[in-house]
Structures are given as structure tokens and as C-alpha cells.
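Following: one structure in C-alpha cells, then a few remarks.
The values are calculated or read from the model by the stated rules, or taken from the named source; none is laboratory data. Values in this document were obtained by computation on a predicted structure and should not be read as measured data. So basically every Cβ, Gly included, is an ideal-geometry build from the backbone, and we count neighbours across all protein chains shown. Quick note on the areas: whole protein, heavy atoms, side chains included, nothing else; ligands and nucleic acids left out. Shrake-Rupley method; radii C 1.70, N 1.55, O 1.52, S 1.80 Å.
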Amino acid sequence: MAMTMTQKILAAHAGLDSVEAGQLILVNLDLVLGNDITSPVAIKAFNQMGKENVFDKEKVTMVMDHFAPNKDIKAAQQCMMCRNFCGEQDITNFYDVGQMGIEHALLPEKGLVVSGDAVIGADSHTCTYGALGAFSTGVGSTDMACGMAIGKAWFKVPSAIKFELKGKLQPYVSGKDVILHIIGMIGVDGALYKSMEFMGEGLASLSMADRLCMANMAIEAGAKNGIFAVDEITKAYVKEHSDREPVFYAADEDAVYEQTYVIDLSEIKHTVAFPHLPENTHTVDEIDEIKIDQVVIGSCTNGRLEDMAAAAAIMEGKKVAKNVRCIVIPATQKIYLEAMEKGYLKIFIEAGAVVSTPTCGPCLGGHMGILAEGEKAVATTNRNFVGRMGHTESEIYLASPEVAAASAIAGKIAAPKEVL
């Protein structure tokens, strides 16, 4: 039976020769992830099961990133619960302040996920790791608890949508523009419980940072997962970051897809998602003047070194506009250090931006950048729902690091060419 890339990974992890869309299967897991918000709920459920030990201390990981460094007493209590549990269980991969980063940037960097893996995480953006050719998806905290206990999870095998990429990105256009364009095209439920599978000669134009960003936002189209065909870029990244042996899967030539879209990357323009849904997209060249109050450059979508470099190239020698707050958040300690060594942080600070320790804080309206009533922000984050970053009367405009940096300088939503 012909299978998609996702279906092949799921079949292998279920010990089956083949699977088909809609089939219910029990899958063996390579990694179970939680953070400081979702893990405490999972820990309580795990304890209620009466289990003494996790199924594999090497395959359970917790990252303190959402409200860390702790923003209040409740956050401190949550992190303490995770810290104590991981200590009792002798969890190998526990990441606290000083070692932590934004989870979906940290795990690939640490080599905890490789091609061919099956991964669940109690965070909706766990689909990020599809960029590496893995099946990864977000689950609830109780499913995380079961995963920690037995190393397995039930899935309904998803059908798939093919995205055939061709051409090459224009200068200052990135993967964020591509995925916003796609979500704008198919809608926030356009891939509901489906696998978004990216392939084609256009992959050569996309860096691993581009792919991680795009796979991350598959959930914003309602997808079960996003996944990229494995190529030399994938193999080089995995080899550099992990000692584990990857398994490379490829979709069968006659695999069945519910829909196929052909995306010419050379035609993608700077794209911005207006409030209050990621599907509400407009290209920058068709936007009237929209003044802004805040810019956030970072998150699990766009906090990687490449994103820091892109923003720094635009902001170098310039100043953040008066009455605009610009917050830059490198996604991991390693990225923070490399950005410092390359001079990017100096550029940001001299421009009038503030640089934060790695945290998810402002993305979910947690801390480090809450919006007041009526304020507008350009953010490289992945969601712009009502009240996502603070007051329900605030507005979030999702954009690439290039557009965000240009907007910080211009004081309004702007394309890089407007400030360079």
C-alpha cells in the first residue's frame, strides 16, 4: 500500500507493514516533551496512575521556558514541581534557567530529535520537528502522562496535503513569509487533522531555520503535523547536532494526497497576518500606514541565530523609532552566546532594543512584553488571537524577523527596503 512520509513513520513505530488514513494505531514514542505550564498537570496524572518510574529517563524531557525565569509565585511553584519530579526520576534531559531555551528551538539544537522519530509534546507547536523529517505533534497533558508512563500513544492516522515547492526566495523573504502565505491561502482549518507535507526542488532555497519555522506553524492551519522531505540540508543538520542514528523516510511516488498545492517561492512577498487570526494575511506592499507600539523578535518560530542575523542586518546603524519598544529574544543560551559573539546583541542594544534571556514570555502573554489596551505589536511569534499578548483590545501583527526589524525602525509596519 502506498503511503505518505508521515504514514510510513507511524507504521514503523506501530510495528505495522502499512497504515491508511483514519486507522487507529498505538505508536511507540522516541521522545515525550513537556514545559513548565503543561508538565505539572501531566505529573499529577502520572502520579494518579500509580506508576513509580517513567518508561525511559532518556526519552522524557522537560523545558522550563514559558514563565521562566519565574514571573510570579505560581510559576515558581510549577517549575519546582517539574524540578523535583525530574530529580526523583533522574531525567537526563531537564532544562532549567541557565541551560534552558525555548523548547522547540532547544530540542533540535541538543540533537534530541532526529529524522524518522515519533515525538509527542504537551505543547501545540511540537509539530516543529517535522522540519527534520520526524513525525511530531502536540498532545494534552494527560496524553503526555501516558507517554511518560508507557512510551506509547494512540493516533488516528492522518490524511495528507502535498505542498510542492519550486523556485527560490527573494532577498529578505523567509520561511515565515511562506507559511503565512500558505495559511492565508488555505485558512486556519485548511489542513484540519491532516499532515502538511513539503517537498520539491524549492526545498534547496529553504534553510533549516526556514523549515523549523514553517513546520512550527502547521498547527496554525489546523494540521496534525507538518513534515519536510529529507534532503542534504536535513542530513547535514542532523549529523551536526546528534550522535543518534536517524532513519530517513520518503513518501511513495503514488502516495495519496487529499490536495496538492504548487508554491512558487520566487513569487512570495513580505507577508503579515493581521489580527486576530494567522489566516488574515496581507502583503506589506498593500498595507496602508499602521503605526505600532511594540516589536518582538524571537519565539519558537523565529528566535534562531539566522533570525537574529536577519534582524541585525536591518537594524545596524539605525535607531528604534520613538515610542516603539523593541524586544529581542534569542531562543536558546547557545544562540544568545553566538549572537553576542557575532555582535548582533550590540547592534540591537545600540539601536535601542532590549535583549531578553530565552523565554516564551511575551508570545503567550505571560511576561516580558505584555500589551496594554489599544496597543499594536509586530511579532515574529506564531499566534495573534484576541488577547494573546495581553489586553483583549490590543492587536498583534505576525511577521518575519526582516519585517519586524524594519517596522521597529520605521515605527510602522514596513518592508526592509523602506529602511535600508
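Of the residues making up region 411-420, one or more are open to solvent by 30 Å² or more (accessible area, probe 1.4 Å), more than 27 Å from residue 182 (Cα to Cα) and modelled with pLDDT under 95. Report yes if residue 201 is of a type in the set (D, E, K, R), touching a strand residue (DSSP E or B) at 6+ places or on another chain (Cβ under 8 Å) and closer than 14 Å to residue 135 by Cα, otherwise no. Here the answer is no, as residue 201 does not meet what is asked.
The residue list 162, 152 contains one member that is in contact with a Leu (Cβ under 6 Å, 6 or more places away or on another chain) and within 30 Å of residue 15 (Cβ to Cβ), which is 152. Taken together, the residues in region 283-305 that are touching a residue at least 24 places away in the same chain (Cβ under 8 Å) and over 19 Å from residue 216 (Cβ atoms) amount to 10. Taking first residues from region 159-180 that are open to solvent by 60 Å² or more (accessible area, probe 1.4 Å) and partners that are among the basic types (Lys, Arg), the Cβ contacts under 9 Å between residues at least 6 apart in sequence or on separate chains come to 170/269; 172/417. Of all residues in region 30-48, those satisfying the criterion of being in contact with a Gly (Cβ under 9 Å, 6 or more places away or on another chain), open to solvent by 10 Å² or more (accessible area, probe 1.4 Å) and aliphatic (A, V, I, L, M) are 37, 41.
Table: residues versus (1) at pLDDT below 95; (2) surrounded by fewer than 24 Cβ atoms within 10 Å (Cβ to Cβ); (3) small (Gly, Ala, Ser).
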residue	(1), (2), (3)
102	no, no, no
106	no, no, no
111	no, yes, yes
114	no, no, no
122	no, no, yes
149	no, yes, yes
152	no, yes, no
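Within region 1-28, which residues are farther than 13 Å from residue 249 by Cα and either among the β-branched types (Val, Ile, Thr) or open to solvent by less than 10 Å² (accessible area, probe 1.4 Å) (or both)? Residues satisfying the conditions are 19, 25, 27. Taken as a whole, region 8-25 holds no residue that is in a strand (DSSP E or B) and among the small types (Gly, Ala, Ser).
Restricting attention to region 24-40 and to residues that are touching a Lys or Arg at 6+ places or on another chain (Cβ under 7 Å) and not β-branched (Val, Ile, Thr), the residue that is farthest from residue 3 (Cα to Cα) turns out to be 31.
Condition check ((1) closer than 26 Å to residue 285 by Cβ; (2) aliphatic (A, V, I, L, M)) across all residues:
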{"site": "162", "(1), (2)": "no, no"}
{"site": "168", "(1), (2)": "yes, no"}
{"site": "173", "(1), (2)": "yes, yes"}
{"site": "176", "(1), (2)": "yes, no"}
{"site": "180", "(1), (2)": "yes, yes"}
{"site": "185", "(1), (2)": "yes, yes"}
{"site": "213", "(1), (2)": "yes, no"}
{"site": "219", "(1), (2)": "no, yes"}
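The residues of region 49-70 that are touching a residue at least 60 places away in the same chain (Cβ under 8 Å) and either buried (at least 19 other Cβ atoms within 10 Å of the Cβ) or over 16 Å from residue 32 (Cβ atoms) (or both), listed by number, are 54, 59, 60, 65, 66, 67, 68, 69.
One residue stands out among those in region 281-312 that are of a type outside the set (D, E, K, R) and touching a Leu at 6+ places or on another chain (Cβ under 9 Å): the one that is surrounded by the most Cβ atoms within 10 Å (Cβ to Cβ), which is 301. Quick check on region 357-366. Is at least one of its residues in contact with a strand residue (DSSP E or B) (Cβ under 7 Å, 6 or more places away or on another chain) and on the phi > 0 side of the Ramachandran plot? Yes, some residue in region 357-366 is in contact with a strand residue (DSSP E or B) (Cβ under 7 Å, 6 or more places away or on another chain) and on the phi > 0 side of the Ramachandran plot. The requirement of being within 16 Å of residue 39 (Cα to Cα) and charged (D, E, K, R) is not satisfied by residue 110.
Within region 354-363, is there a residue that is touching a helix residue (DSSP H, G or I) at 6+ places or on another chain (Cβ under 9 Å) and among the polar types (S, T, N, Q)? The answer is yes; a qualifying residue exists. If you go through region 126-159 and pick out every residue that is of a type in the set (Gly, Ala, Ser) and under 20 Å from the mean Cα position of the chain (by Cα), you end up with 8.
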